[in-house]
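Visitor: Sending over a structure as structure tokens; questions will come in a sec.
Here, each number is a calculation from the coordinates, and none is a lab measurement. The shown structure was predicted, so the numbers you read here are calculated from the model rather than taken from an experiment. Counting neighbours? That spans all protein chains shown, and the Cβs are built from the backbone with ideal geometry, glycine included.
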């Protein structure tokens, strides 16, 4: 049974805490395929949540549903961000409300420089993330600001995709497989950046196949299995629970 989360108490924890992003009883489909089957969870402001599970568990579908993309089709449920009803919004309205999605393919715009990619996304005037501040957070992008974005290395493109999301002065950062194909040293650099972003009060939901790295970074974890939640709790607890990792994460 799903219990509707609210903004005063986390339905999955005994302690009282404000919910910043609240997902309630979401059902999502691709055509006739029933992918997300009535999931509910809360995310607190400034928290890093790892959304984990095996391939096909519904992780990316959940991110896309939160971002209000046209696909998947969400047939039921509610999504609230800081008391704003995302489930009643189009994707561009959710973006204005404070959501920033970094998709797995990054979607760097061909033919535009690093700086032009950032300027295209930036609100005017920038409230919190000026170009100078973004270049301070991502020095490599500052060094390559006049270089075409699609000619950057994979790690640099991932940095650009994250910086482009931040340029909109977002409240919630949604990351889909940010470590895929990257060398461990680059993953270290991105994780360091995500910790700095957390210190700025930005809430992050991280979908990542490298579950150990994600759990080491995250405060909490939600584990999906065939479209349903099988665990919602401390990320550290998952790292310590060998049977849970083996059954649902194959690690």
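Visitor: Note down the nm distance, to one decimal, between modelled labels 7 Å out along Cα→Cβ at residue 34 and at residue 180.
Guide: 2.7
Visitor: Largest first and in whole Å, what are the equivalent-ellipsoid semi-axes of the range 75-170 based on the Cα gyration tensor, each being the root of 5 times an eigenvalue?
Guide: Square roots of five times the eigenvalues give 27, 15, 10 Å.
Visitor: Across the range 123-218, what fraction of all alpha-carbon pairs, as a whole percent, falls in each successive 5 Å bin from zero upward?
Guide: 2, 12, 25, 26, 20, 10, 3, 1
Visitor: To continue, here is another question. Would you please give the FRET efficiency between residue 91 and residue 151, computed as 1/(1 + (r/R0)^6) with r the Cβ-Cβ distance and R0 = 30 Å, to the nearest 0.05?
Guide: According to the calculation, E is roughly 0.60.
Visitor: Mind pulling the angle between the C-alpha long axis of helix 184-199 and the longest principal axis of the chain? Nearest 10 degrees, somewhere in 0 to 90.
Guide: Compared with the principal axis, the helix lies near 80 degrees.
Visitor: Largest first and in whole Å, give the semi-axes of the range 16-249's equivalent ellipsoid, each being the square root of 5 times a Cα gyration tensor eigenvalue.
Guide: In descending order the semi-axes read 28, 20, 17 Å.
Visitor: Using R₀ = 45 Å, calculate the FRET efficiency as 1/(1 + (r/R₀)^6) where r is the Cβ-Cβ separation of residue 130 and residue 188; round to 0.05.
Guide: 0.95
Visitor: If each residue of separation counts as 0.36 nm, what is the full-extension length gain between residue 195 and residue 209 once their alpha-carbon separation is subtracted?
Guide: 3.1 nm
Visitor: Sticking with this one: Report the residue, chosen from 98, 77, 31, that carries the largest GNM mean-square fluctuation when the chain is represented by alpha-carbon nodes joined by springs under 10 Å.
Guide: Maximum fluctuation in the GNM of the chain, among the listed residues, is at 31.
Visitor: Pairs of Cα atoms under 8 Å, at least six residues apart: use those to get the relative contact order of the chain, whole percent.
Guide: Relative contact order for the chain comes out at 24 percent.
Visitor: What is the angle, in °, between the Cα long axis of helix 154-166 and the longest principal axis of the Cα atoms in the chain? Nearest 10 is fine, range 0 to 90.
Guide: 80
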